[in-house]
1. Go through the range 340-350 residue by residue and tally those that are in contact (Cβ under 8 Å) with a residue 40 or more places away in the chain and surrounded by fewer than 16 Cβ atoms within 10 Å (Cβ to Cβ).
2. Out of the range 158-174, which residues are farther than 18 Å from residue 83 by Cβ and either crowded, with 21+ Cβ neighbours inside 10 Å or in contact (Cβ under 8 Å) with a residue 24 or more places away in the chain (or both)?
3. Do we have any residue at all in the range 60-76 that's within 16 Å of ligand 1 (Cβ to nearest atom), under 27 Å from residue 185 (Cα atoms) and free of Cβ contacts under 8 Å to residues at least 12 places away in the same chain?
4. Only residues that are away from ligand 2 (no atom under 16 Å from the Cβ) and in a helix (DSSP H, G or I): list them for the range 74-94, please.
5. Could you tell me which numbered condition residue 303 fails, if it satisfies all but one of (1) assigned to a helix (DSSP H, G or I); (2) modelled with pLDDT under 85?
6. Could you grab me the full set of residues in the range 144-191 that are part of a loop (DSSP other than H, G, I, E, B), touching a helix residue (DSSP H, G or I) at 6+ places or on another chain (Cβ under 8 Å) and over 23 Å from residue 89 (Cα atoms)?
7. Out of all the residues in the range 128-145, which are surrounded by 16 or more Cβ atoms within 10 Å (Cβ to Cβ) and out of contact with any strand residue (DSSP E or B) (no Cβ under 6 Å at 6 or more places or on another chain)?
8. For residue 152, are the conditions met, namely being farther than 20 Å from residue 182 by Cα and under 19 Å from the mean Cα position of the chain (by Cα)?
Ligand SMILES: Nc1ncnc2c1ncn2[C@@H]1O[C@H](COP(=O)(O)OP(=O)(O)OP(=O)(O)O)[C@@H](O)[C@H]1O
Ligand SMILES: [Mg+2]
């Protein structure tokens, strides 16, 4: 078992703390003192049960931040309390949500809903279900994700984009576990564990009036924050090794080495798209590599636009309208950190129009103008 899974398991089974080797005497002393103090105060005995699981989709990294995340996962996995996961895009929010479910011992399934991908009405019936005839097109009763996730985990991704009306319904589920299907009168109960994730600053959204403060406090019982990759570059060697092993398995590539200058390029980069961007860059390099080594020219990082692009405003670039559209939309999306609502406002287009443009050019968070 990896060190991090050991930390998760240890905390889940009731360990007081987890210390990595080599052990510092002072750290050990304080930890033991704290443990003794707490033991005298509590009297709780850890219950050891359940067998260990195999490592799938494991969390790697050796930074103190990642160890803390793993310890929290272990400490809260088997509880019912909701969890709020924050962090920039690509920092691992979903993998953490899955780890919580995986270590929870819950019998039910893990279900994810992306709150920003669906229009309000569709999202509502996805989450809560609907009765037959409740709206045009509702030809049959449909169970929502809160019902389907029953004894499992419901992962509400991009929670910051959830419309206010649905936030009120979600608050009620969090308070007493009850809700009604759209168009229904019967009150239903959900036992699903709720994990929410967002890359937005919820407190700023509260000030702006687009996120409910009471919902924030309900969800914020357990908060896991994933720092950006640029603040924990010590995780990079392990991440690169882990991601390359996965890429080799999925892409049938056989990468064994990275040339030192290539590694330096990776290390010096800022990683605005975090681990997802690292994975994309490595996948491209692995697929294009001839042989078993990633060389520096295979590492194509999104650099800041060359200065001469901006220096001569009088110069006309002879490119197609499509190129200009693609670059402009990409740069606006990048600027607003993929908040589609804001991007629509700036661009002066509707949400469906923006979605069509994103699809047309195959844009994602790692696209750069
Ligand atoms: N600590 C980690 N160890 C191993 N893999 C990781 C780690 N963090 C992230 N990854 C991998 O990086 C990719 C992005 O992670 P994930 O989808 O969980 O991020 P996210 O925060 O949900 O991103 P987004 O905001 O883009 O949805 C996934 O392939 C995931 O497996
Ligand atoms: Mg995600």
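1. Number of matching residues: 1.
2. Listed by number, the residues that qualify are 161, 163, 164, 165, 166, 168, 169.
3. First pass over the range 60-76, keeping only residues within 16 Å of ligand 1 (Cβ to nearest atom): 60-74.
From what's left, under 27 Å from residue 185 (Cα atoms): none.
No, the range 60-76 contains no residue that is within 16 Å of ligand 1 (Cβ to nearest atom), under 27 Å from residue 185 (Cα atoms) and free of Cβ contacts under 8 Å to residues at least 12 places away in the same chain.
4. First, the residues of the range 74-94 that are away from ligand 2 (no atom under 16 Å from the Cβ): 74-82.
Those that are away from ligand 2 (no atom under 16 Å from the Cβ) and in a helix (DSSP H, G or I): 74, 75, 76.
5. Unmet for residue 303, out of (1) assigned to a helix (DSSP H, G or I); (2) modelled with pLDDT under 85: (1).
6. Let us first name the residues in the range 144-191 that are part of a loop (DSSP other than H, G, I, E, B), namely 144, 149-152, 158, 162-163, 177, 180-181, 183-187, 190-191.
If we keep only those that are touching a helix residue (DSSP H, G or I) at 6+ places or on another chain (Cβ under 8 Å) too, we end up with 144, 152, 162-163, 180-181, 190.
Answer for the range 144-191, where residues must be part of a loop (DSSP other than H, G, I, E, B), touching a helix residue (DSSP H, G or I) at 6+ places or on another chain (Cβ under 8 Å) and over 23 Å from residue 89 (Cα atoms): 144, 152, 180, 181, 190.
7. Within the range 128-145, just 131 meets the criteria.
8. When the stated conditions are applied, residue 152 passes them.
The values are calculated or read from the model by the stated rules, or taken from the named source; none is laboratory data. Given the structure is predicted, the values throughout are model-derived calculations rather than measurements. A quick note on method: Cβ atoms are made from the backbone with ideal geometry, for glycine too, and the neighbour counts reach across all protein chains shown.
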